[in-house]
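> Sharing a structure, written as structure tokens. Questions coming.
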Ligand SMILES: [Zn+2]
Ligand SMILES: [Zn+2]
């Protein structure tokens with residue numbers, strides 16, 4: 001085990017959506033920690049992506065709550081909770097933010113891993129079978145979809161968790177065109193999301209193995225980035241990272257890591273390359 005001192009040998013993961021299949025091999029390889037799957041609590045009661053159950057807590061608070069519930073229901077001292085959120089306001093399509101919260105009550109430790117990346121998913125509207133087939137072909141064939149009565153806010157779910165183009169087209173024909181489909185974001189139905197959850201699990205491994213040089217507390221990562229790397233030609237500050245800081249939440253020790261490069265290409269300079 002390369003994690004921090006007195007790290008647990010087992011950690012409970014609370015999920016109804018098969019996330020243990022993603023997280024467990026990454027924790028085993030990276031930390032030598034065994035994942036114990038817990039599904040005796042219905043995580044959908046904390047909020048669902050279709051908004052049938054509204055989420056009252058923030059994504060981070062929800063992930064932490066799931067981690068504590070994982071401990072409670074397994075009787076283990078360490079637990080992981082996972083929560084995803086989707087944002088489509090940035091103009092990059094849909095951005096998936098995945099949080100994995102790790103709690104270790106024996107060591108009074110909380111570590112949160114967060115990864116956010118755009119995923120190739122979107123709402124689909126189609127007025128006939130050919131159009132629907134063409135639009136579905138742009139996405140992962142293992143992605144599942146919900147069939148909606150319309151694209152409006154108050155749309156009714158006509159069918160949920162549909163997968164396979166033939167099944168989806170049959171359902172569309174049953175309910176009649178025009179149809180609207182929205183992605184099923186539950187992890188077992190969403191391959192794009194599973195990739196981001198895997199990245200978050202890797203981030204968690206990194207954080208649990210990054211120890212404060214002063215006290216050995218984990219989560220000592222150079223995450224606070226300061227921009228301003230000087231331009232190679234005119235020396236004015238650019239948007240590139242000049243220095244990264246790490247800060248220990250336990251002993252307050254701080255460390256800075258300057259960018260290996262001393263200057264930025266003038267390509268990034270607002271004066272030389274406006
Ligand atoms: Zn420290
Ligand atoms: Zn310049």
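> Can you tell me which residue among 163, 82, 125, 74 is free of Cβ contacts under 8 Å to residues at least 40 places away in the same chain and either under 22 Å from residue 26 (Cα atoms) or surrounded by fewer than 20 Cβ atoms within 10 Å (Cβ to Cβ) (or both)?
Every option except 163 fails the conditions.
> Among strands (runs of 3 or more DSSP E) lying entirely in the range 121-180, which contain 1 or more residues that are under 18 Å from residue 94 (Cα atoms)?
By residue number, 124-126, 145-148.
> Based on what the data block shows, is residue 217 touching a residue at least 60 places away in the same chain (Cβ under 8 Å) and out of contact with any helix residue (DSSP H, G or I) (no Cβ under 8 Å at 6 or more places or on another chain)?
Here the answer is yes, as residue 217 does meet what is asked.
> Please verify whether the range 227-246 includes one or more residues that are more than 16 Å from ligand 2 (Cβ to nearest atom) and under 24 Å from residue 80 (Cα atoms).
Checked against the condition, which is being more than 16 Å from ligand 2 (Cβ to nearest atom) and under 24 Å from residue 80 (Cα atoms), the range 227-246 yields at least one hit.
> Name, by its number, the condition in (1) under 18 Å from the mean Cα position of the chain (by Cα); (2) over 30 Å from residue 75 (Cβ atoms) that does not hold for residue 140.
(1)
> Any chance the range 170-191 includes a residue that's within 16 Å of ligand 1 (Cβ to nearest atom) and at pLDDT 95 or above?
no
> Could you tell me whether residue 154 is away from ligand 1 (no atom under 16 Å from the Cβ), free of Cβ contacts under 8 Å to residues at least 60 places away in the same chain, more than 30 Å from residue 78 (Cβ to Cβ) and out of contact with any helix residue (DSSP H, G or I) (no Cβ under 6 Å at 6 or more places or on another chain)?
yes
Every residue, every condition in (1) closer than 24 Å to residue 32 by Cβ; (2) more than 12 Å from ligand 1 (Cβ to nearest atom), yes or no:
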position: 206; (1), (2): yes, yes
position: 220; (1), (2): yes, no
position: 253; (1), (2): no, no
position: 264; (1), (2): no, yes
position: 271; (1), (2): no, yes
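> Here's another thing I want to ask about it. Which ones in the range 95-111 are touching a residue at least 12 places away in the same chain (Cβ under 8 Å) and surrounded by fewer than 20 Cβ atoms within 10 Å (Cβ to Cβ)?
Result: 95, 97, 105, 106, 107, 110.
> Let me ask something else about it. Quickly run through the range 224-235 and pick out the residues that are surrounded by 14 or more Cβ atoms within 10 Å (Cβ to Cβ) and part of a loop (DSSP other than H, G, I, E, B).
Result: 228, 229, 232, 233.
> Still on this structure, please answer the following. Count, please, the residues in the range 208-218 that happen to be surrounded by fewer than 14 Cβ atoms within 10 Å (Cβ to Cβ) and more than 14 Å from ligand 1 (Cβ to nearest atom).
Residues that pass the stated criteria total 0.
> Failed condition for residue 205, given (1) outside any helix (DSSP H, G or I); (2) within 19 Å of residue 102 (Cα to Cα), with all others met?
The number of the failed condition is (1).
The values are calculated or read from the model by the stated rules, or taken from the named source; none is laboratory data. Small disclaimer: the values here were computed from a predicted structure and weren't measured. Here Cβ is always computed from backbone atoms with ideal geometry, including for glycine, and neighbour counts include all displayed protein chains.
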